[in-house]
Amino acid sequence: MDLDDFYAIIPAGGVGTRLWPLSRQARPKFLYDLLGSGRTMIQGTFDRLAGICGEDHVVVSTGQRHVDQVRQQLPRLGDQAVFAEPVPRDSTAAIALASAVLSRRHGDRIVVGSFAADHVIRDDRAFGRSVRQAVAAARAGYVTTIGIAASRPSTAFGYIHQGPSLADEIPDAPDAHLVSEFVEKPDASTAQAYLSTGEYRWNAGMFVMRADVVLGCLKRYLPELHSSIMAIAESWDRGPDERQEAMEQYWPGIQKIAFDYAVAEPLSTAGGVAMVPGGFDWDDIGDFNSVAGLLPSSGRRNIKILGDSDQVVSLDSGGDMVVPDGGRTIALLGVDDMIVVDTPDALLVAPRARSQEVKDMVGKLSQYGRDDIL
């Protein structure tokens, strides 16, 4: 399948507060190699997408303060391929701005796809096959998402309820289905019920659609946001002065809303959203527990180490997640199932079972005015 009309957007935002003190406002998690693979999260994402549509068809939407770091990590990124946001306005604004500018450059019938910078995907070939089917469904007019097979009754992800097949309507997307509905993160019993039906998949937040379709949806559902985005897009390529003037005028007033809520959920009730199954292993690294699940064990006691294993010495300890990033030795004595993250200016010690609550600790530190370490 020819993909000359396909452009990939990498939204690289969010601080990753559940990964503090490794992930910070000045250096978020997508700029780290969290798997010890030799490539950071955003580098892996760029490589994967460039392999599908070419380097010149990949753009990044990120915060203004992260532009230099992104460009350092992605030297092959095009000169006009970064969309810098002065303040974050969530995924809808990021996707909308990139889509609007790209449609002005290349025509409004192009297909755009949004793929987060911090996802772990194994099997790039299978991922490519799913993207190609998603592009075919997008060309047919659907906002298309890639649904991940639910391997366990997780309460950490939202779910997609799969509807009727679209194979007859879209021959190039034989595995595509209509989306009946998107559902929020469930409790454990509801997640188990979803899993037992075989009709639900995890919502990974990947969306592929024609530019005119997504911008038309925004005009219908969020007309003020659409108007502001189009005004910025009109000025974007006229020069840095006009671009900055438009951003200063319109960006602060743009509604902060996730793409799922702004477009995907309301459009699914109208039968306008398709789903292509993702035939690949996927993970969203949301906390240190999920990092631990993706790292090999060090020794027989299932200790997971992100960094230099020579900096960690353990005795009668097991099941721990350790990040020795402070330049000193970490000694574990009789310590089980704990998170220990050591950095030069902050040390986190917490039970692995409470890894989701690291975000609450960040909030507590913010209340104490410790923005210097956030």
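Relative to the first principal axis of the alpha-carbon coordinates of the chain, what is the inclination of helix 358-367, with its axis defined by its Cα atoms, in degrees from 0 to 90 and to the nearest 10?
In the chain, helix 358-367 runs at an angle near 90 degrees to the longest axis.
Give, in nm to one decimal, the length gained when the segment between Thr329 and Gln64 is fully stretched (0.36 nm per residue of separation minus the Cα-Cα distance).
Full-extension gain reported as 91.8 nm.
So if each residue of separation counts as 0.36 nm, and I subtract the Cα-Cα distance between Lys364 and Ser227, what length gain in nm does that give?
Extending this stretch completely gives an extra 45.5 nm.
For the range 1-124, take N as its residue count and report Rg(C-alpha) divided by 2.2 N^0.38 Å.
1.02
Would you mind telling me the antiparallel percentage of the DSSP bridges in the chain, rounded to 5?
Percent antiparallel among DSSP bridges in the chain is about 50.
What length, rounded to one decimal in nm, is gained on full extension from Asp336 through to Asp168, with 0.36 nm per residue of separation minus their alpha-carbon distance?
Difference between extended and current length: 55.1 nm.
What is the antiparallel percent of DSSP beta bridges lying wholly in the range 262-374, to the nearest 5?
40
Below 8 Å between Cα atoms, with a sequence gap of 6+, how large is the relative contact order for the range 316-374 in percent?
27
Among the listed pairs Lys185/Lys219; Lys29/Lys256; Lys29/Lys364; Lys185/Lys304; Lys256/Lys359, give every one whose C-alpha distance is greater than 23 Å.
Distance filter (> 23 Å) returns Lys185/Lys219; Lys185/Lys304.
Measure nothing but the geometry: give the 0 to 90° angle between the long axis through the Cα atoms of 41-53 and the longest principal axis through the Cα atoms of the chain, rounded to 10°.
Once rounded, the angle reads 30 degrees.
At 7 Å along the Cα-to-beta-carbon direction for both Ala350 and Asp371, put a label point, then send me their distance in nm to one decimal.
So the label points at Ala350 and Asp371 sit 2.2 nm apart.
What share of Cα pairs, in percent, lie more than 21 angstrom apart in the range 83-230?
More than 21 Å apart: 51 percent of the Cα pairs in the range 83-230.
Taking the convex hull of the alpha carbon atoms in the chain, what volume per residue do you get, in Å³?
Measuring per residue, one finds 145 Å³ for the Cα hull of the chain.
Over the chain, with every protein chain in place, what whole percent of the accessible area is carbon and sulfur at 1.4 Å, could you tell me?
On the chain, the fraction of accessible area on carbon and sulfur atoms equals 46 percent.
With all pairs of different alpha carbon atoms counted, what Kirkwood hydrodynamic radius in Å does the range 252-374 show?
One over the average 1/r among Cα pairs gives 17.5 Å for the range 252-374.
Compute the FRET efficiency between Asp310 and Ser37 as 1/(1 + (r/R0)^6), taking r as their Cβ-Cβ distance and R0 = 22 Å, and round to the nearest 0.05.
0.70
Measuring with a 1.4 Å probe in the full set of protein chains, what accessible area per residue, in whole Å², belongs to the chain?
44
Run the helix sum for the chain: -39,500 (n - 2.57) per DSSP H stretch of 4+ residues, divided by residue count, reported at 222 nm to the nearest 500 deg cm²/dmol.
Roughly -9500 deg cm²/dmol at 222 nm, from the helical runs in the chain.
So what's the net charge close to Ser268: Lys and Arg +1, Asp and Glu -1, counting the other residues with Cβ under 13 Å from its Cβ?
It works out to a net charge of -3.
If you average 1/r over every pair of different alpha-carbon atoms in the range 210-254 and take one over that average, what Kirkwood value in Å do you get?
10.8
If you keep only loop residues by DSSP, which trypsin sites (Lys or Arg not before Pro) in the range 78-132 have at most 13 other Cβ atoms within 10 Å of their Cβ?
Counting only loop positions with at most 13 other Cβ atoms within 10 Å, the trypsin sites (Lys or Arg not before Pro) in the range 78-132 are Arg109.
Residues of the range 252-266 with amide nitrogen under 17 Å from the 7 Å Cα-to-Cβ point of Thr197?
Of the residues in the range 252-266, 265 have backbone N under 17 Å from the label point off Thr197.
Given the alpha-carbon gyration tensor of the range 35-102, what are the semi-axes of its equivalent ellipsoid in whole angstrom, ordered largest first, with each equal to the square root of 5 times an eigenvalue?
Each semi-axis is the square root of five times an eigenvalue, giving 20, 15, 11 Å.
Dividing the Cα radius of gyration by the Kirkwood radius, what Rg/Rh value follows for the range 235-310?
Taking Rg over the Kirkwood Rh, I get 1.23.
Do any trypsin sites (Lys or Arg not before Pro) in the range 220-250 lie in a DSSP loop with no more than 15 other beta carbon atoms within 10 Å, and if so, which?
Arg238
Testing the spin-label approximation: label points 7 Å from Cα along Cα→Cβ at Asp2 and Glu357. State their distance in nm.
Going by the 7 Å Cα→Cβ label model, 5.8 nm.
Report Rg/Rh for the range 1-60, rounded to two decimals, where Rg is the Cα radius of gyration and Rh the Kirkwood radius.
1.07
State which stretch of the chain is the longest one without any exposed GluC sites (Glu not before Pro), exposure meaning a DSSP loop state and at most 16 other Cβ atoms within 10 Å.
Maximal segment without exposed cleavage sites: 200-374.
Any idea what angle helix 211-221 forms with the longest principal axis of the chain, computed on alpha-carbon atoms, 0 to 90 degrees, nearest 10?
For 211-221 against the chain, the angle is about 90 degrees.
The values are calculated or read from the model by the stated rules, or taken from the named source; none is laboratory data. None of these values were measured; they are calculated from a predicted model. Neighbour counts are summed over all protein chains in view; Cβ atoms, including those assigned to glycine, are modelled from backbone coordinates with ideal geometry. These accessible areas exclude ligands, DNA and RNA; they are computed on the full protein's heavy atoms, side chains included. Shrake-Rupley method; radii C 1.70, N 1.55, O 1.52, S 1.80 Å.
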